[in-house]
Structures are given as C-alpha cells and as structure tokens.
Amino acid sequence: MVDAILHAWREGASIGQLRCEWPLPAASPLEAAPPGRVVSTAWRLTLERSPLIRLGDAELAEALYAQPALRVFFPFPSHGEFSLLSSTADPFYEEVPRAVPSGDGLWNVVLHWSLWSPHIPSRVLGSRLGVREAAALMAANVPAGSGPAIEGGWPQQPPARPR
C-alpha cells in the first residue's frame with residue numbers, strides 16, 4: 001500500500017486524492033473526527049485528559065461541560081485561561097466569556113472581545129469564583145443566537161459588539 005501511495009504521489013496525485021483512495025492517518029485526533037463531531041471529540045479528549053490536545057484545568061473543564069449551553073462550543077484552554085470558541089480552527093471566533101485564573105483555584109469570568117475589536121476593552125463579569133459559579137456565569141452570558149460552534153475557521157467578519 002505504501003508503494004502504491006508513493007507512486008500516486010510521484011505521478012502528481014493531491015493529498016485529497018490520496019485520502020480518497022487510501023485511509024491516511026490524520027495529524028491529530030480532531031482532524032480524524034468525523035464531520036459534525038469535532039466539538040464533541042474535543043470535549044471527550046479534554047475530559048479524558050488526553051495528552052494529544054491542549055488541556056486546561058480539569059475541574060473547570062468538567063464544570064463547563066456540565067452546562068448544556070456551553071458544551072456546544074469548542075473548548076480551547078490556553079495560557080491558563082479557558083475559552084469556548086464558536087469555530088474549531090483558525091480564524092477562531094470567541095463570543096462566550098472566558099475563564100481567567102485569579103489565583104487559589106478561583107476564576108474570573110471575562111468578556112474578551114479584543115481579538116476582533118482592539119478598541120473595546122475586556123470586561124470582568126465576575127471575580128474570584130469557584131468553578132461551578134464561573135461556569136454558570138459563562139452560561140448565563142452566552143449571547144442570544146450563538147452556537148453551536150462551526151467546524152473550521154470563522155467564515156466572516158464577526159458582528160459589531162456593543163460598547
């Protein structure tokens with residue numbers, strides 16, 4: 001099989017053509033997820049503490065997943081913070097407040113729109129909250145009409161946010 005793949009590649013076959021003809025391994029478990037299952041796969045790997053993806057605080061991840069309004073978003077922990085994104089790939093789009101550590105296992109919940117509107121500062125919605133309280137506050141502040149996350153990068157310029 002490897003010989004046939006190499007021969008096809010040398011003859012000019014694209015990666016897409018090779019993938020159609022032969023099952024090629026994906027670079028990550030999220031790439032291997034079937035269409036429509038990227039978000040649920042990301043949550044499963046996050047909750048299982050898989051070393052193959054970004055991992056955030058385990059207790060916070062469980063509290064976020066326990067909120068049905070939040071589990072439709074793509075979990076994206078980074079630099080100690082925990083974001084829930086509306087797209088699964090770059091360009092990412094974040095419309096849900098994120099959890100930012102405040103120390104001693106407590107969390108701040110922050111609206112962080114600076115990605116799309118640098119002139120709009122972040123706004124703290126709650127400070128020094130436990131994981132359940134932070135998750136509940138994030139769920140209560142999901143904008144109407146948001147979610148579920150789309151698979152792939154955000155396809156358009158995001159809507160204007162209120163000041």
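The values are calculated or read from the model by the stated rules, or taken from the named source; none is laboratory data. Remember, it's a predicted structure, so these values are computed and weren't measured experimentally. Cβ sites come from the backbone with ideal geometry, for glycine too, and all protein chains shown count toward neighbours. Keep in mind that these areas ignore ligands, DNA and RNA; they rest on the heavy atoms of the full protein, side chains included. Shrake-Rupley method; radii C 1.70, N 1.55, O 1.52, S 1.80 Å.
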*Calculated from DSSP H runs of 4 or more alone, at -39500 (n - 2.57) each and per residue, what is the 222 nm mean residue ellipticity of the chain, nearest 500?*
-8000 deg cm²/dmol
_Charge dipole magnitude, Cβ of K and R +1, D and E -1 - the stretch 1-69, Cα centre, debye nearest 20_ = 80
*Across the stretch 1-89, how large is the tail of the calculated P(r) beyond 24 Å, expressed as a percent of all Cα pairs?*
36
*asked:* Explain nothing, just the number: relative contact order of the chain, from Cα pairs under 8 Å at least 6 residues apart, as a whole percent.
replied: 19
*Using unit Cβ charges (K, R positive; D, E negative) and no other charged atoms, how large, in debye to the nearest 20, is the dipole of the chain about its Cα centre?*
420
*Packing-based order for 5-13, 43-51, 135-143, using average beta carbon neighbours within 10 Å, highest first*: 135-143, 43-51, 5-13
_Protein accessible area in the chain, 1.4 Å probe - carbon and sulfur %_ = 56
*Quick one: what Rg and Dmax do you get for the chain from the alpha carbons, in Å?*
18.8, 60
